[in-house]
Amino acid sequence: MNIVAVTACPTGIAHTYMAAEQLEKTARRLGHQIKVETQGAMGIENELHASEIDAADVAILAADIAIENSERFAKVRKIEVSVQEALKNPEGVLQRAAVA
């Protein structure tokens, strides 16, 4: 499965990046391709390009705040989860994404 994801939390420091790492590590372990954009204290990092979003099978929006430029995901299947869910249960999030 080809996955794109965005992680963002209110403070945009630790949890944003920890959730991104958990999703990346778990997705790769399960044999999926993934690219994760973070929207944190440093702004948007590892920004997803339109071609990457268009090629994705699903988008995971793991955020506790409004995601910047969320309209980019209008044409792709997506699931929305909390940052904590991505941190604590990344495999469950990926399973939900697979059937979204």
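Remarks
- Here the 3J(HN,Hα) profile of the range 89-100, calculated from phi with Karplus coefficients 6.51, -1.76 and 1.60 at θ = phi - 60°, is 9, x, 5, x, 4, 5, 5, 4, 4, 5, 9, 5 Hz, Gly and Pro shown as x.
- Gaussian network model of the chain, Cα within-10 Å springs - most flexible of 27, 56, 41: 41
- Contour minus Cα-Cα distance for residue 96 and residue 13 (0.36 nm per residue): 27.3 nm
- FRET efficiency, residue 21 to residue 57 (Cβ-Cβ, R0 25 Å, nearest 0.05): 0.75
- Overall form of the range 1-75: oblate. Here a/c, set by the Cα gyration tensor axes a ≥ b ≥ c, is 1.5 or more, and a/b is not larger than b/c.
- Cα shape, the range 35-100, gyration tensor, a/c 1.5 rule: oblate
- Considering only 53, 34, 13, the Gaussian network model of the chain with Cα springs below 10 Å gives its largest mean-square fluctuation to 13.
- Loop-resident sites, the range 44-100, for trypsin sites (Lys or Arg not before Pro), counting at most 15 other Cβ within 10 Å (DSSP): 75, 77
- Under a Gaussian network description of the chain, with springs only between Cα atoms under 10 Å, the residue in 45, 24, 37 that fluctuates furthest is 45.
Read-outs: derived from the displayed coordinates by stated rules, not from any lab. It should be emphasised that the depicted structure is a prediction, and the values quoted were computed from it without experimental measurement. Every residue, glycine as well, gets a Cβ built from its backbone with ideal geometry; the counts of neighbours run over all protein chains shown.
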